[in-house]
Amino acid sequence: MPCQQWRCRWALPCALLLLFSGLQILVTHGWGPQGEGHGEDQTVLDLYFPATVEYALHVYNLKSQDSNAYKVVRVLRSWREQMEANGFVFSMELELSRTRCRKFDEDIDNCPFQASPNVNNTITCLFTVHTDPWRTKFQLLNNTCSESSIE
């Protein structure tokens with residue numbers, strides 16, 4: 001049965017929120033954007049920031065020359081740059097660590113981190129991402145990583 005427009009209009013955003021809600025387990029207390037947001041504005045930010053972090057990680061893994069996937073260890077700092085009529089601009093400093101899984105494996109979220117005593121598998125990246133949550137659109141505006149930056 002084809003999906004009627006009025007019933008399925010919210011299916012993609014709701015599905016993405018469910019998918020990205022798993023990120024909150026990785027990033028505990030202090031993951032949210034820091035700044036002046038209060039009340040309803042803060043609630044909106046709390047809803048869309050995890051998806052923005054997930055997008056930044058996804059782009060990093062796609063562009064990385066490494067064949068292994070990286071996952072977020074923790075959010076070091078985060079803030080909202082500005083609020084626009086068509087979304088938000090977030091900046092975030094993320095600590096990423098290399099996993100044992102290849103970057104195109106299906107279940108990277110459950111993949112263990114790679115433990116190697118002679119190699120530093122952890123990097124720090126600063127991402128700036130424009131998020132238009134109402135249309136589920138993201139755009140990486142800037143990223144800078146320590147040592148193994150994206151080329």
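The values are calculated or read from the model by the stated rules, or taken from the named source; none is laboratory data. For clarity, every value in this text was computed on a predicted model and none was experimentally measured. A quick note on method: Cβ atoms are made from the backbone with ideal geometry, for glycine too, and the neighbour counts reach across all protein chains shown.
Does L76 satisfy being of a type outside the set (G, A, S), at pLDDT 60 or above and in a helix (DSSP H, G or I)? So L76 fails the test. Would you check if A56 is at pLDDT 90 or above, closer than 19 Å to F138 by Cα and not in a strand (DSSP E or B)? It is true that A56 is at pLDDT 90 or above, closer than 19 Å to F138 by Cα and not in a strand (DSSP E or B). With respect to the stated conditions, R98 fails to be touching a residue at least 40 places away in the same chain (Cβ under 8 Å), touching a strand residue (DSSP E or B) at 6+ places or on another chain (Cβ under 8 Å) and either hydrophobic (A, V, I, L, M, F, W, C) or assigned to a strand (DSSP E or B) (or both). With respect to the conditions (1) out of contact with any helix residue (DSSP H, G or I) (no Cβ under 6 Å at 6 or more places or on another chain); (2) buried (at least 20 other Cβ atoms within 10 Å of the Cβ); (3) not aliphatic (A, V, I, L, M), R102 falls short on a single one, namely (2). Filtering segment 129-151 to residues that are in contact with a helix residue (DSSP H, G or I) (Cβ under 9 Å, 6 or more places away or on another chain), β-branched (V, I, T) and modelled with pLDDT of 80 or more leaves V129, T131, T136. So for segment 81-97 (the condition being at pLDDT below 95, among the β-branched types (V, I, T) and farther than 17 Å from Y55 by Cβ), does at least one residue qualify? No, segment 81-97 contains no residue that is at pLDDT below 95, among the β-branched types (V, I, T) and farther than 17 Å from Y55 by Cβ. Determine whether Q24 is assigned to a helix (DSSP H, G or I), at pLDDT below 90 and not acidic (D, E). Here the answer is yes, as Q24 does meet what is asked.
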